[in-house]
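Asks: Dumping the structure here so I can ask a few things about it.
The values are calculated or read from the model by the stated rules, or taken from the named source; none is laboratory data. It should be emphasised that the depicted structure is a prediction, and the values quoted were computed from it without experimental measurement. Here the Cβ positions follow ideal geometry from the backbone for every residue, glycine too, while neighbour counts run over all protein chains shown.
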Amino acid sequence: MPRIGRRSAVLAVARRPGALARFLFAADAPVFPRLVLLLSLVYLVSPVDLIPDVIPFVGWLDDLGIVSLAFFGALRAAAKWDEEREAPALSAG
């Protein structure tokens, strides 16, 4: 299966608005991307940071970077998972 890029993952999930929500709450979806996304959100609200937030803008960049990497990783995983779910349905008829 070809690797799903960031842009194609965003477009694939944007075409199916509920795909990310289905992915996040589905029991058969991979656990690792969902766990990384959850942990990145915990890091966002946590007072412990790699770069303290008291440094204007620079302190927020690490939060933004970690959350965006986790979000786009979850989007890629959701797009791949959604395509794999649809593949048997398409081949069945």
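Asks: In the range 60-75, what residues are over 17 Å from GLY18 (Cβ atoms) and either surrounded by 15 or more Cβ atoms within 10 Å (Cβ to Cβ) or in contact with a helix residue (DSSP H, G or I) (Cβ under 8 Å, 6 or more places away or on another chain) (or both)? Don't jump to the end; show me each part of the working.
Replies: The first filter runs over the range 60-75 and keeps only residues over 17 Å from GLY18 (Cβ atoms), leaving 60-70, 72-73.
Hits for the range 60-75 are ASP62, ASP63, ILE66, VAL67, LEU69, ALA70, PHE72, GLY73.
Asks: In addition: Which numbered condition trips up PRO33, out of (1) modelled with pLDDT of 90 or more; (2) surrounded by 14 or more Cβ atoms within 10 Å (Cβ to Cβ); (3) over 12 Å from ARG76 (Cβ atoms); (4) of a type outside the set (Lys, Arg)?
Replies: (3)
Asks: Counting only residues that are free of Cβ contacts under 8 Å to residues at least 12 places away in the same chain and exposed (fewer than 12 other Cβ atoms within 10 Å of the Cβ), which one in the range 36-53 is nearest to LEU75 (Cα to Cα)?
Replies: Taking the range 36-53 and keeping what is free of Cβ contacts under 8 Å to residues at least 12 places away in the same chain, we get 38, 42, 45-48, 51-53.
Still in the running and exposed (fewer than 12 other Cβ atoms within 10 Å of the Cβ): 42, 45-48, 52.
Details: VAL42: 18, VAL45: 21, SER46: 23, PRO47: 26, VAL48: 26, PRO52: 28 Å.
Of everything passing the filter in the range 36-53, VAL42 is nearest to LEU75 (Cα to Cα).
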